[in-house]
Amino acid sequence: MMVLRALLARPWIWSFIGALLVWLAAISFTGGYGAGGMITAALSLAVFMVIVGIGQMFVITLGPGNVDLSLPANIGLASAVAMKVMGGSDAMILVGLVAALTSGMAVGMANYLLIRALRIPPIIATLSSSFIVHSIDIAYGRGLQIKPPPAFADFTNIQFLGIPILAICGVVFAFLAGIALQRMIYGRSVLAIGQNMRAAWLAGIPVERIRFLTYTLSGALGGINGALLAGYFRGASVDIGNEYLLSSIAVVVIGGTSVAGGKANVPGIWGAALFLVLLLTMLNTFGVSAGIRLLLTGLIIVGVITAAGGQKALR
Amino acid sequence: MTVAATEPLGRSGLRSPAFARFLRALLPALSLTLILIAIAYLNPRAISYFGFSLMLNLAIPIALATIAQMFVITVNELDLSIGTFVGFVACVTATWLRDAPLLGILVLLGSIGVYAALGALIHLRNLPSIVVTLGMSFVWQGLAILLLPKPGGKAPDWLLGLMSLKPPLVPFPILAAVVIALVVHFGLMRTSYGAVLRGTGGNAQAVKRAGWSILRTKVTMFAMTGVFGVLSGMALVGITTSADANLGNGYTLLAIAGVILGGGEFVGGRVSPIGAVLGALTLALAASPLLTFMRIPPDWQVAANGLILIVVLAARALISRREGDR
């Protein structure tokens, strides 16, 4: 009983409960058929949301107005860069990953530069840079039809006892991110800045360095995600990252991280990502049309946010 | 980090804060003029009645969507669903408003009601507007697809007639832009309730203690966003003649960019309706006519929008530093 109560007090448990309920609804509809397959598919798609979601989480935790809108464009460009550098050859996989990482980090650094040098609000800075990155991607990735190297495509699709290897890596990564957030100076600094930037500065936290690191981290994760997505979907495309504008923000907020900053939650990101993916799976198994699916997804997101409630305003 | 104003008093002339503020207010008009000069230089024939009608055609719905976004930004919120909402309105206009006008009008009024309800929800539950409106963007898109699974429909004839008006001397898009800018400017900047509405963005606590209902101001502003979103969608269909569920998707980010280009700030209720319309016109002109004349491939059109934003914001940062207010 004590354990249960302690669990329920955790903000992230609700997103897992939501995911479980949606999954149960889906398998009760199919009469238990494909229950395991659904989890496998959900895990392999959710991991992509988790990777960018964690980057977005650190950015959002920096405080009000901090959000990375350049992720979709960043992911698109990195997917093209990775496929071009790998060139379909197994020997170049590592080089391609590093190239995608570098491309993502460059976008993140450019974002920070705009925020810092031009004093642009982060929303508009990442928005303007995403316009430019998007164009670069269109020009660079035009007609790109390079398949990922076989070994890389296998790696992104391979499963162990029905669990995608990538998802296992994602769990390990989330665990490390949780440690970085709660136990390392970097994460504590991010939290402090989110709670009160001026107080954090007066306390001697190198505010600007931490903000620089955070935007670069978010960019880097976007880059890695682009490469992995290109491997998973067997090819790069300009629109490959489009859905991650919404989902990266949604998983962070549904997962229990405060949009006002200063309060973050890593496990919740996994729960929220599984919830969103299983929600789509459920609506697909119900066989609803695309319009109904979008409509219900939207209503459920609004409903969940309303139920979770906002934070009491700090005065 | 905000640094308190350290400008010594009594400075005058070109380096005074007052002059900087004036320069800042002038910036949107200045960037639009620069774009126009560039176009005139590249293709003098474009600067004509016909040229403007053609180049600025799509500027009307963009300007209306920008004004819609400006209303929510005034009260420190953000609407990430305005693009899909414009698309939804376009679909309603091209189907129901034509075939069953009464139903169409009811649906459009209802959608404005939804916006007002969202304002109340966001305020009462203290929700992040970014997430709520992101969710709503799915709702509008879903409804639009249900209504019009394939591109089609047809705009009502009166709307087609209105959007292809050819007034004497001044091209219709310019006339419309001036009317939109002046009407909103008067309502928001020159009336006493307009000051209360902007005050909600500036200092909600103060407005509340002065006896005004914050709930009412937020609901008003969200409803106004709905109204101008509806106008934008209708204007868009009037130009494109038929609708598509994805018609307005690009407007979300364009509208935010327009507000910021026009001198608006994300927090503090500092917005400018005239600036927002000018910002929208700048984006509309820079996005395609200018680039076409410069023979830049369409791939880079999006980048041009980003670049213009960055350049204008850089100029503003320089001016603001002189203004000494941040």
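Rule-based calculations on the coordinates, nothing more; no lab input. From a predicted model like this one, the values you see are computed outputs, not experimental measurements. Cβ placement follows ideal geometry from the backbone for every residue including glycine, while neighbour counts extend to all protein chains displayed.
A few comments on the model shown:
- Phi to ³J(HN,Hα) by Karplus 6.51 cos²θ - 1.76 cosθ + 1.60 over region B:18-32, Hz, x for Gly, Pro: 4, 5, 4, 5, 4, 4, 5, 5, 7, 3, x, 5, 5, 5, 5
- Placing +1 on each Lys and Arg Cβ and -1 on each Asp and Glu Cβ, with no other charges, gives region B:17-323 a dipole about its Cα centre of roughly 720 debye.
- Relative contact order for region A:143-227, counting Cα pairs under 8 Å that sit 6 or more residues apart, in percent: 12 percent
- Shown for A:Val251, A:Val266: other C-beta atoms within 10 Å of each C-beta, ranked fewest to most, produce the order A:Val266, A:Val251.
- Across region B:206-220, computed HN-Hα scalar couplings (Karplus, 6.51 cos²θ - 1.76 cosθ + 1.60, θ = phi - 60°) run 5, 5, 5, 5, 7, x, 8, 8, 5, 4, 5, 5, 5, 4, 4 Hz from first to last residue, x flagging Gly and Pro.
- Counting beta carbons within 10 Å around each of A:Val3, A:Val172 and listing the fewest first gives the order A:Val3, A:Val172.
- Calculated FRET value between B:Thr241 and A:Asp90, using beta carbons and R₀ = 51 Å, to 0.05: 0.45
- Loop-located trypsin sites (Lys or Arg not before Pro) in region B:205-289 (DSSP state not H, G, I, E or B) with no more than 16 neighbouring Cβ atoms inside 10 Å: B:Arg270.
- Reach of B:Lys218 by Cα under 19 Å, taken over lysines that are not fewer than 8 positions away in the same chain: A:Lys312, B:Lys208
- Helix-only arithmetic for the protein assembly as shown: the sum of -39500 (n - 2.57) across DSSP H runs with n ≥ 4, divided by the residue total, places the mean residue ellipticity at 222 nm at -23500 deg cm²/dmol.
- Computed from backbone phi, the HN-Hα couplings of region A:23-35 come to 5, 4, 4, 5, 6, 5, 5, 8, x, x, 6, x, 4 Hz, rounded to whole numbers (Karplus: 6.51 cos²θ - 1.76 cosθ + 1.60, θ = phi - 60°; Gly and Pro given as x).
- Which of B:Met294, B:Met70 has the fewest Cβ neighbours within 10 Å, and the rest in rising order: B:Met294, B:Met70
- In percent, rounded to a whole number, the relative contact order of region B:17-323 is 37, using alpha-carbon pairs under 8 Å and six or more apart.
- Charge tally in the Cβ shell below 14 Å around B:Pro156, where Lys, Arg are +1 and Asp, Glu are -1, B:Pro156 excluded: 0
- Spread over its residues, the convex hull of the C-alpha atoms of chain B is 156 Å³ per residue.
- D_trans [Stokes-Einstein, Kirkwood Rh over alpha-carbon pairs] for the protein assembly as shown, 20 °C, 1.002 mPa s, µm² s⁻¹: 84 µm²/s
- Net charge dipole, the protein assembly as shown: roughly 1640 debye, given to the nearest 20, about the Cα centre with Cβ charges of +1 for Lys and Arg and -1 for Asp and Glu.
- Less than 5 angstrom separates the built amide H of B:Ile47 from none of the residues sequence-distant by 5 or more or on a different chain.
- A cut-off of 5 Å between modelled amide H atoms, ignoring neighbours fewer than 5 places along the same chain, links A:Gly241 with A:Gly76.
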